[in-house]
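Below is a structure I'd like to ask you about.
The values are calculated or read from the model by the stated rules, or taken from the named source; none is laboratory data. Being a predicted model, the structure only gives us computed values, none of them experimental. Because the Cβ atoms are built from the backbone with ideal geometry, glycine has one as well, and the counts that use them run over all protein chains shown.
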Amino acid sequence: MNDHAPKYPALPLPIPALGGCGSGVSGTCTDSVSGNQWSFDGGELTITNSGMSMGGYKYEPDSDKIRLSAPGGAGRTLEISIKDKGCLSGAGIPGEACKS
């Protein structure tokens, strides 16, 4: 077992589109392909994949993008785009993540 492995993955591959996740950046979005849920609340993101939740991700809105970082700064920062209809896409999101 690797004692130096991070507690959390750098970031899951599918990351949802967020425009439809509410005003500002809040609410829950569901990816149309993977079914992953992305719950944004007060600067913290929780991702639910196959019934397992991973919390502690930080997010920062920036115009038409959202920057995501892993818990404790233990990973790289990724950007996802907020599309015209308010859904999220990019950074490995296989479909679009829209407000669920």
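Does the range 83-93 include one or more residues that are modelled with pLDDT under 85, outside any strand (DSSP E or B), surrounded by fewer than 19 Cβ atoms within 10 Å (Cβ to Cβ) and in contact with a Phe, Trp or Tyr (Cβ under 8 Å, 6 or more places away or on another chain)?
No; the residues of the range 83-93 include none that is modelled with pLDDT under 85, outside any strand (DSSP E or B), surrounded by fewer than 19 Cβ atoms within 10 Å (Cβ to Cβ) and in contact with a Phe, Trp or Tyr (Cβ under 8 Å, 6 or more places away or on another chain).
Sticking with this structure for a sec: Note down all Cβ pairs under 9 Å where the first residue falls in the range 52-70 and is at positive phi and exposed (fewer than 13 other Cβ atoms within 10 Å of the Cβ), the second is at pLDDT below 90 and among the hydrophobic types (A, V, I, L, M, F, W, C), and they're at least six residues apart or on different chains.
Listed pairs, sorted by first residue: S63/I82.
On the given criteria, is S63 modelled with pLDDT of 85 or more, of a type outside the set (A, V, I, L, M) and within 12 Å of the chain's Cα centre (by Cα)? Let's see the steps before the verdict.
Details: modelled with pLDDT of 85 or more: yes; of a type outside the set (A, V, I, L, M): yes; within 12 Å of the chain's Cα centre (by Cα): no.
Considered against the rule, which asks whether it is modelled with pLDDT of 85 or more, of a type outside the set (A, V, I, L, M) and within 12 Å of the chain's Cα centre (by Cα), S63 comes out as no.
For the range 34-82, give me the residue count where each residue is of a type in the set (S, T, N, Q) and assigned to a strand (DSSP E or B). Working first, answer last.
Kept after step one, since they are of a type in the set (S, T, N, Q), are these residues of the range 34-82: 34, 36-37, 39, 46, 48-50, 53, 63, 69, 77, 81.
Keeping just the survivors that are assigned to a strand (DSSP E or B) gives 37, 39, 46, 48-49, 53, 69, 77, 81.
Result for the range 34-82: 9.
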